[in-house]
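What follows is a short report on a single structure.
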Amino acid sequence: MADSRVFTDPTRILAGIISRIRLENFMCHSNLEIELGDRLNFITGQNGSGKSAILTALCVAFGSRAKGTQRANTMKDFIKTGCSYALVHLELRNQGEDAFKHETYGDLIILERRITESGASTVLKNYQGRKVAGRKEDLQEIIVHFNIDVENPCVVMSQDKSREFLHSGNAKDKFKFFYKATLLQRLEELLKDIDNQLDAAIEVVGQLEKSVRPVQLELEELEKKIKSLEQVEEISQHVQLIKKKLAWSWVYDIDRQLIEKKNLIEKLKKRIPACQKKIDEQNEEVKRWQDKLGEKRQHIDSIFSKTSEARRQRADLEQSLSLAKKEKTQLEVEHERSTSYIQKIKKRGKSLAQHIHEIKAKHIMDTQDEESEMEEEIKKLEFEVNEAYSICQRLKEEDDSILESMTSLRGEIDGILKQIETIERRNSGIRADIHRLQMNMSNKVTVFGGSRVTSLLEAIERQHQRFRRPPIGPIGSHLTLVQGDMWAVALEGVFGKLLNAFIVTDHTDFLLLKQCAREANYNHLYIIIYDFSRPRLNIPHHMLPQTNHPTAISVVHSDNHIILNVLIDMGHGERQVLVKDYDTGKQVAFDQRVSNLNSVFTSDGFKMFSRGSAQTILPPSKNARVGRLSGSFGNQIEDLEQEALQVQKQLQFLRGKKRSEEETFASLQHKSTSMKRKRQDAERECSSKKLKLDGMKRSFASESKSTQTSTADELHRDLSKVQEEINEKEISLENLELKLVEANSKVDNLKAIITDLCNSTKEDLNSLKEAEEELGQMEAEKNSAEMSKKHYETMMSTKVLSEIESAEEYLRKLEEKRKEDCKKASIICAESELDALGDDEVDPEKLSAKLRNLNQRLERETQRFSESIDELRMQYEKKLRKISKKQQTYKAFREKLDALKKALDNRTDKFQRNASHSKRQLTWKFNGHLSKKGISGRTKVSYEDQTLSVEVKMPQDASSGSVRDTRGLSGGERSFSTLCFALALHEMIEAPFRAMDEFDVFMDAVSRKISLDTLVDFALAQGSQWIFITPHDISMVKHDERIKKQQMAAPRG
């Protein structure tokens, strides 16, 4: 059943039969070589001679495991005791039409299995003994080709299998033997395995068909999008029409401006004669006043010549008067200095006289007991000096204690001052925040840059025609919070100055916005250049932080997708995670190792991030503008006012404390000043007493009499010198008094002369003064005329001519712009096409507004789809082709699987039919073999119960018609019936050779003779190579050239 090849010609040489077996160190054999015939081979020998080892070697050579032979546990157990290896050498015939790779192996295939302590290896050689292959796969290929199955009990029935088979009366064991021998078991396993694989394949195809369903849904969605975009295309066509009209409307608007500007130039040119007339009139007025000024200057010159001599004399007299006054002042100073010096000298003379008198009186009063009195006085002074010194030390200690208290108190006052300054700054900041929030309540835009933003927006509005796309900003004014004010502080830390930024579409708009910022006095404006045509960014889920906490971009909303794109591209808002508290932030930032995470921000403003091994936590910024994204400004103002009230209370408390400390400090300062004064007085008194003590000690030690005499003489000489100096100075003082009287007289005379001279020239001087005043008025009138002339000349140059020139220049620019706009408009469409477009609207402003509305609508519609309609159509066609191809492929898979399933069902039906046929064939063949001994019987096979029973009817039971089970037979009868059962199985399988060991056990002589004849006839008729191993005598086997008998040597003692 397993092979289509049927050996029907018993005379032909079969491929795959064994011609030679050689064993080295295998089990009990040191070196055994057996040549086998092509048909029947009988091997006999005593027990222990190694007959069964030959079948074991066959099994090992063809790949059986050691345990499968039931003769050893491991391959190394087959090595003969005392040897290092074992070798099994087989030679297989490879001739005829069934030869295996004859061109490679030739007529003979040599199979060698070498067994060592470390393992076993197989080598395949050709007929010349050259190695051809050595892999298991090569051996398996030969086994499959020749249909050699050594584990099939009908191919190789070892001694153990024979005994087990002959002794077994179990129906399930017989069924297993039958099921395995007929290869039905292998076929069933193969069919089940194929069925399982088909089920798995069908499930895979089902999953593939399910995987196509989302693509079908995508196709349906694409169809909806294409229909929507077709409407967008209609809007786009309308926009193109408006653009054509707008292009020519700008040309017509310039034509209108040209007419207006030409009329203005004509009007300005008419103003030139009137303005020139005014200039000529003022020029005549200036000349008239210049003539009058010339006459008045001549009159003043004549008066000035008359009074010039008097003025020269007066100037000389005034100079002499000044010198006289200076001389008088010097004499007065010298007189005062001399008088003071004389008084000082006289005072010194009196002091010297008094000193002389005291020395004389003292000399008279000295007595003999002067020394004892002096010693008592010195002791008294020493006691007073010591007492004064102790007072000084005590005062010094008290002063140091007061200074220390003052230093400590000054430190406390300085600390209070610093607190007051800090709280005042805080109070100012709160007031500024309240003012800012109050402004924000009236205009939210001012939150993001103050009043400068308003000025900037006004400048942008004035220049809006020059922008290619209107700037967007400030960014913060376009944002709203999704979850209320919960994340306002955190988002301030995330986006920061980005909230004040403006967005433009290209560099040209960037430069224009910078110009607007300069006009609005908005320095350092943050401008972002971003492509407005980019669609809304959709971040894939796997690129977002893998956490349950929200990201910054998820808690803000904006109607403009460009704002959100900038927050993602510039602010990385999709990777900034927001958490409620500090501890949760640390877990997310440092412990959880969240992928795609940039930073973590807490609701109160802390920022946490890790870069490599460094972990960083930044506190909330003190300068952060909190609450800019918040919508509840009223609540914030109330909170800030409450906070300001608390701050005011703190300030009042600290100021009161400061006043108290300052009063205490002033009291200590006053006390310190008083203490220093006392200390200085005590130190002076101590020093005075100490000096007095030292002087007394020196005077006590000197000679009183000689000293007194010498001192009096010196004082008399000094007194004489002083008296002489006084006389000289008094004489000099009298001379100074005479000079001073003369200087006073000179000054009075000069003053009288000057007064007389002024009276004589008073009338001429008054006339000169009046003339000079009139001259000043004339000059003022002339200057006024010149200013009027200059005014009209300036008006002519700056107002009239300048305006004419600028108007003409603007006219030239308009003409150039008209040519350029006309050229551009002609590129867009010909002017003749305007009539066909219809709609008489030509106002560019209205057309621009209409176009802007259409563009906004088009942008809104376009934002819904990131792809163009062509891309969607291409995607639709691509997906349709892809899904069609897949559907066709999956359909082909399904058809093939259905065909395979059908084929498998057919095979299964065929298998069941063959199994049923095999069951009947087994009974027929079994009964045929039994009939040779006059016995009849049958087999009962149940595939459901997996049982096989054998029933035999002996000749002596023919009259009764009863059938007995084999367990009721004698040993020989049971062995013969079992042999017939085995032969019936042999007829149902194919193999190049078969081997049976101890097949005739438990048989008597008659049964053995019948069994041997049956086996020989069957083997000769069947055509395969047979190997029979038995310990019994085989002399009764008939002689035939196809039968080869061999005797094994007796075992050694």
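Residue by residue through the stretch 176-191, note down the ones that are buried (at least 19 other Cβ atoms within 10 Å of the Cβ) and at pLDDT 80 or above.
Within the stretch 176-191, L187 is the sole residue that qualifies.
Hey, S249 hits all of (1) hydroxyl-bearing (S, T, Y); (2) out of contact with any Leu (no Cβ under 8 Å at 6 or more places or on another chain); (3) closer than 30 Å to A825 by Cβ but one; which does it fall short on?
For S249, the exception is condition (2).
Restricting attention to the stretch 546-560, which residues are farther than 18 Å from L597 by Cα and in a helix (DSSP H, G or I)?
Selection gives nothing.
In the stretch 509-552, how many residues are open to solvent by less than 30 Å² (accessible area, probe 1.4 Å) and within 28 Å of the chain's Cα centre (by Cα)?
Total meeting the criteria: 8.
When you check L139 against the structure, is it touching a helix residue (DSSP H, G or I) at 6+ places or on another chain (Cβ under 6 Å) and within 19 Å of P992 (Cα to Cα), yes or no?
no
Pairs, please: C-beta under 7 Å, at least 6 apart or cross-chain, first residue without any contact (Cβ under 8 Å) to a residue 24 or more places away in the chain and in the stretch 920-938, second crowded, with 18+ Cβ neighbours inside 10 Å and in a helix (DSSP H, G or I)?
S936/N927; S936/L930
Give me the residue from the stretch 63-79 that is in a loop (DSSP other than H, G, I, E, B) and out of contact with any Asp or Glu (no Cβ under 7 Å at 6 or more places or on another chain) and, out of that set, most open to solvent (accessible area, probe 1.4 Å).
Only one residue fits best here, namely R65.
When you go through D583, D506 one by one, which is the residue that is open to solvent by 30 Å² or more (accessible area, probe 1.4 Å), at pLDDT 85 or above and acidic (D, E)?
Being open to solvent by 30 Å² or more (accessible area, probe 1.4 Å), at pLDDT 85 or above and acidic (D, E) holds for just one of D583, D506, which is D583.
For residues in the stretch 446-462 being of a type in the set (G, A, S) and at negative phi, which is surrounded by the most Cβ atoms within 10 Å (Cβ to Cβ)?
A459
In the list R135, R114, which residue meets the criterion of being among the charged types (D, E, K, R), surrounded by fewer than 19 Cβ atoms within 10 Å (Cβ to Cβ) and modelled with pLDDT of 90 or more?
None of the others qualify; the one that does is R114.
So which pairs qualify, if the first residue must be in the stretch 1007-1020 and modelled with pLDDT under 75, the second must be surrounded by 18 or more Cβ atoms within 10 Å (Cβ to Cβ) and outside any helix (DSSP H, G or I), the Cβ gap must be under 8 Å, and the two must be at least 6 apart or on different chains?
From residues that are modelled with pLDDT under 75, the pairs are R1008/D1000; S1011/F999; S1011/D1000; S1011/M1003.
Criterion first (part of a helix (DSSP H, G or I), closer than 22 Å to K692 by Cβ and not aliphatic (A, V, I, L, M)) does E412 satisfy it?
no
Find the residue count for the stretch 1006-1036, including only residues that are open to solvent by less than 20 Å² (accessible area, probe 1.4 Å), closer than 19 Å to M1048 by Cα and of a type in the set (S, T, Y).
Final tally of qualifying residues: 1.
Can you find a residue in the stretch 96-108 that is in contact with a His (Cβ under 6 Å, 6 or more places away or on another chain) and either closer than 14 Å to P992 by Cα or among the β-branched types (V, I, T) (or both)?
yes
Among I423, I430, which is the only one that is in contact with an Asp or Glu (Cβ under 8 Å, 6 or more places away or on another chain), touching a residue at least 40 places away in the same chain (Cβ under 8 Å), farther than 22 Å from E859 by Cβ and open to solvent by less than 40 Å² (accessible area, probe 1.4 Å)?
On inspection, the qualifying residue turns out to be I430.
Condition first: open to solvent by 20 Å² or more (accessible area, probe 1.4 Å) and of a type outside the set (K, R). Now tell me which residues in the stretch 591-605 satisfy that.
Of everything in the stretch 591-605, those that are open to solvent by 20 Å² or more (accessible area, probe 1.4 Å) and of a type outside the set (K, R) turn out to be D591, Q592, V594, S595, N596, L597, N598, S603, D604.
Filter the stretch 1028-1053 down to the residues that are of a type in the set (A, V, I, L, M, F, W, C) and either touching a Cys at 6+ places or on another chain (Cβ under 6 Å) or assigned to a strand (DSSP E or B) (or both), then identify the one that is modelled with the lowest pLDDT.
That would be F1028.
Please indicate, with yes or no, whether at least one residue in the stretch 631-638 is aromatic (F, W, Y), within 59 Å of the chain's Cα centre (by Cα), at pLDDT 85 or above and in a helix (DSSP H, G or I).
no
State the number of residues belonging to the stretch 513-535 that are hydroxyl-bearing (S, T, Y) and in contact (Cβ under 8 Å) with a residue 60 or more places away in the chain.
Residues in the stretch 513-535 being hydroxyl-bearing (S, T, Y) and in contact (Cβ under 8 Å) with a residue 60 or more places away in the chain: 1 in total.
Check whether at least one residue in the stretch 558-581 is charged (D, E, K, R) and more than 19 Å from L537 (Cβ to Cβ), and report yes or no.
yes
Return only the number of the condition from (1) open to solvent by 40 Å² or more (accessible area, probe 1.4 Å); (2) in contact (Cβ under 8 Å) with a residue 40 or more places away in the chain; (3) under 60 Å from the mean Cα position of the chain (by Cα) that Y890 does not satisfy.
Unmet for Y890, out of (1) open to solvent by 40 Å² or more (accessible area, probe 1.4 Å); (2) in contact (Cβ under 8 Å) with a residue 40 or more places away in the chain; (3) under 60 Å from the mean Cα position of the chain (by Cα): (1).
One line per residue, one yes/no per condition, for (1) modelled with pLDDT of 75 or more; (2) open to solvent by 70 Å² or more (accessible area, probe 1.4 Å); (3) closer than 30 Å to K380 by Cβ:
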| site | (1), (2), (3) |
| --- | --- |
| R625 | no, yes, no |
| A644 | yes, no, no |
| Q648 | yes, no, no |
| R659 | yes, yes, no |
| E663 | yes, yes, no |
| K678 | yes, yes, yes |
| F700 | no, yes, yes |
| E703 | no, yes, yes |
| E714 | no, yes, no |
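S455: polar (S, T, N, Q) and either in a loop (DSSP other than H, G, I, E, B) or under 27 Å from the mean Cα position of the chain (by Cα) (or both), yes or no?
no
I want to confirm something. Restricting to the stretch 15-49 and keeping residues that are within 15 Å of I79 (Cα to Cα) and open to solvent by less than 10 Å² (accessible area, probe 1.4 Å), which single residue is farthest from the chain's Cα centre (by Cα)?
Checking each candidate, the answer is L23.
If we keep just the residues of the stretch 463-488 that are assigned to a helix (DSSP H, G or I) and among the polar types (S, T, N, Q), which is most open to solvent (accessible area, probe 1.4 Å)?
Q465
T966 fails exactly one of the following numbered conditions: (1) surrounded by 14 or more Cβ atoms within 10 Å (Cβ to Cβ); (2) of a type in the set (S, T, N, Q); (3) at pLDDT 75 or above. What is the number of that condition?
(3)
The values are calculated or read from the model by the stated rules, or taken from the named source; none is laboratory data. Given the structure is predicted, the values throughout are model-derived calculations rather than measurements. Glycine gets a Cβ as well: all are built from the backbone with ideal geometry, and neighbour counts include every protein chain shown. What goes into the accessible areas is simple: the full protein's heavy atoms, side chains included, and nothing from ligands, DNA or RNA. Shrake-Rupley method; radii C 1.70, N 1.55, O 1.52, S 1.80 Å.
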